[in-house]
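> First, the structure itself, so that you have it in front of you.
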Amino acid sequence: LQPLWTVAEIVAATGGRAENLIDGPIAAISIDSRDIGFKALFVAIKGDTLDGHDFVPQALAAGAAAALVSEAHFRALGGQNLIVVPDTLKALENLGRAARARFRGTVIAVTGSAGKTTTKEAIRAALTPAGEVHASIKSFNNHWGVPLTLARLPREAKFGIFEIGMNHPGEITPLVKMVRPHLAVITTVAAAHLQFFNSVADIAAAKAEIFLGLEPGGTALLNTDHEYLHILFNHARKAGVGRIVTYGLDESADWHISNIEVLPTRTIAQVTHAENTYGLSIAVPGRHMIANAVAALAVASLVGEGTGPALQALAQFSAPEGRGETHRLGPPTKPLLLVDESYNANLASMAAALEVYGPVRAPGGEKVLVLGDMLELGAQSPQLHASLKDKVLAAGATRIFLIGPSMAALAAVLDGAPVAAHANTVEELSETILSGLAHGDSVMVKGSKGVRLAGLVKTIRDRFG
Ligand SMILES: Nc1ncnc2c1ncn2[C@@H]1O[C@H](COP(=O)(O)OP(=O)(O)OP(=O)(O)O)[C@@H](O)[C@H]1O
Ligand SMILES: [Mg+2]
């Protein structure tokens, strides 16, 4: 088995030079000095708050085989086991491009306003029976996450799956041109990061940038169940995309989903494609989760792997952390049911989560809803928060807590609903929420990452688990 890289290969790919470093294998790439793998190359990247160059000594002390540093820092520091380049981020990108250039497997890219990570994980699950899969960890989907994931792509893997995200127009283009996917998936288009766009239509156009990096003859796989599909089609045609395949609830979808049944711990559905009908079952409740799984099923079919093993693998598929996992805390006969949606929120995922929570019955107590702000929605934010009214009412909670300044707009229109309290920060409400909870209740917690509801979820698990 060949190593991920050799020092000589990295020097060649980055146009750098080795300083007090002999050639040898590099088995991992790391940008975090606290997380140094065996024979790792530590790449010193400058982030928003920290500069990796300050951690080069720690990384080498922790066992890194070498560190990739910038010329400016090398002049100041000197040192052992270094690869020196003009710009470390550009070097990481070049390493990513070199990994892609030598790769003989199939590359899949996933973008969308919600469900990227979940869909990426569903695809990983569906393809794992077919061979070695390399995929982004967590949501490593930005200007450093994508090149890092690409630089880690093992040459012998069969599949590479890359999450690509964006907050601004123009961000996807350079990333997808590095990744050069054979297959590009767009999970959905919705109001997210709207403060950086004029309209959701502009968001659709920005997602469509993913077509610009598609390999010649590549395939676009598009979800049908949003209002911007025609925009994606137009852009795909303009970009010369060879083949467009669709999935979703819409009658027109090539992979058509019907008869969805949301059960307490699973979701089942029928999927029709060409002459075939499949029974799909996944280990997490939610109609939106079925859509993510069908994307994975379609990918398995499109890359030439059978649907059988994919369906079998997806039967075990459950939500990544904070994206709708249900915890039963305490006594099995009368647990506290906790639905953890604390990872993030925008209009699409809020609607999806409320829909899942609707049929949930508290085991024998209150049905509680804790909702935090959907951030980065710009001028339309109050109106978009208020627009949740009907969905919140339909969820049937007996007690509702609202957290964040933007939630004031929802609080104002939720007349008649049992709003227990609204506060601007989670700290102000935590104790009130916790002291009102008991075994037998159900509680769903959802809000944008910046509202920091994950801490509340952790406390609930600690106190009631
Ligand atoms: N297809 C979908 N439609 C709407 N919401 C979804 C969908 N899939 C997952 N979600 C919900 O959206 C939230 C975020 O999910 P996920 O992490 O998969 O999205 P993401 O696009 O990777 O987000 P990020 O931009 O933060 O990386 C979760 O609450 C999840 O349950
Ligand atoms: Mg993600």
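The values are calculated or read from the model by the stated rules, or taken from the named source; none is laboratory data. Everything quoted here is computed from the prediction, not taken from an experiment. In this analysis, Cβ positions are derived from the backbone assuming ideal geometry, glycine residues included, and neighbour counts consider all displayed protein chains. Side chains included, ligands, DNA and RNA excluded: accessible areas come from the protein's heavy atoms. Shrake-Rupley method; radii C 1.70, N 1.55, O 1.52, S 1.80 Å.
> Between S199 and N424, how many nm apart are label points set 7 Å from Cα along the C-beta direction?
3.4
> Let me ask you something else. Which shape class applies to the stretch 41-94: rounded if a/c is under 1.5, otherwise prolate when a/b exceeds b/c and oblate if not, where a ≥ b ≥ c are the square roots of the Cα gyration tensor eigenvalues?
rounded
> Note down the net charge around S30, summing +1 for each Lys or Arg and -1 for each Asp or Glu among other residues with Cβ under 13 Å from its Cβ.
Neighbour charge sum, excluding S30 itself: +1.
> Roughly how many whole Å is it from the C-alpha centroid of the stretch 406-465 to that of the stretch 140-163?
Using only Cα atoms, the two centres lie 36 Å from each other.
> Something else: Can you tally the net charge around T432? Count Lys and Arg as +1, Asp and Glu as -1, for every other residue whose Cβ sits under 15 Å from the Cβ of T432.
With Lys, Arg at +1 and Asp, Glu at -1, the neighbours total -3.
> While we're on this one: How many Å² of accessible area per residue for the stretch 389-465, probe 1.4 Å?
For the stretch 389-465, the solvent-accessible area averages 43 Å² per residue.
> Related question: Output the relative contact order of the stretch 91-185, whole-number percent, from Cα pairs under 8 angstrom with separation of 6+ residues.
Worked out over the stretch 91-185, it gives 45 percent.
> Here's something else I'd like to know. Over all alpha-carbon pairs in the stretch 1-147, figure out the percentage whose distance exceeds 18 Å.
Roughly 59 percent, once rounded to a whole number.
> Name all residues of the stretch 159-184 having a backbone nitrogen under 17 Å from the label point set 7 Å from the Cα of E376 along its Cα→Cβ direction, giving them as ranges.
163-176
> While we're looking at this one, here's another question. Tell me what the chain gives for mean residue ellipticity at 222 nm when only DSSP H runs of n ≥ 4 count, each as -39,500 (n - 2.57), the sum divided by the residue total, rounded to 500 deg cm²/dmol.
Taken over the chain, the calculation gives -9500 deg cm²/dmol.
> Can you give me the P(r) profile for the stretch 193-250? Cα pairs, bins 5 angstrom wide beginning at 0, each as a whole percent.
In whole percents, the pair-distance histogram is 4, 19, 30, 22, 16, 8, 2.
> Tell me, what % of the accessible area of the chain is carbon and sulfur with a 1.4 angstrom probe?
52
> What translational diffusion coefficient, to the nearest whole µm²/s, does the stretch 69-117 have by Stokes-Einstein, given a Kirkwood radius computed over alpha-carbon pairs, a temperature of 4 °C and 1.567 mPa s viscosity?
Reported coefficient: 94 µm²/s.
> Using per-residue counts of other Cβ atoms within 10 Å, averaged over each peptide, order 280-286, 44-50, 368-374 from highest down.
Final packing ranking: 368-374, 280-286, 44-50.
> Could you give the nm distance between label points at D250 and H168, where each point is 7 Å from its Cα heading toward the beta carbon?
Calculated label separation equals 3.1 nm.
> In addition: Determine the sum of side-chain charges near E132: Lys and Arg each +1, Asp and Glu each -1, restricted to other residues whose C-beta is under 14 angstrom from that of E132.
Its environment carries a net charge of +3.
> Run through every distinct alpha carbon pair of the stretch 266-379 and return the Kirkwood hydrodynamic radius in angstroms, one decimal place.
Kirkwood hydrodynamic radius for the stretch 266-379: 16.0 Å.
> Can you tell me the FRET efficiency between E227 and E325 if r is taken as the Cβ-Cβ distance and R0 is 41 Å, rounded to the nearest 0.05?
0.90
> Roughly how far apart, in whole Å, are the Cα centres of the stretch 299-346 and the stretch 1-68?
For the stretch 299-346 versus the stretch 1-68, the Cα centre distance is 35 Å.
> Binning at 10 Å from 0, report for the chain what percent of all alpha-carbon pair distances ends up in each bin.
4, 19, 26, 25, 18, 7, 1, 0
> In whole angstrom, how far apart do the alpha carbon centroids of the stretch 207-264 and the stretch 274-293 sit?
Result: 16 Å between the Cα centres.
> For L50 and R17, FRET efficiency with R0 = 25 Å and r from the beta-carbon atoms, rounded to 0.05?
The computed FRET efficiency comes out at 0.45.
> Continuing with the same structure: Contour minus end-to-end for Q312 and N142, with contour as 0.36 nm per residue of separation and end-to-end as the Cα-Cα distance?
Contour length minus Cα-Cα distance gives 58.0 nm.
> Also: For the stretch 416-458, what is one quarter of the convex hull surface built on the Cα atoms, given in nm²?
Computed as one quarter of the Cα hull surface, the answer is 3.7 nm².
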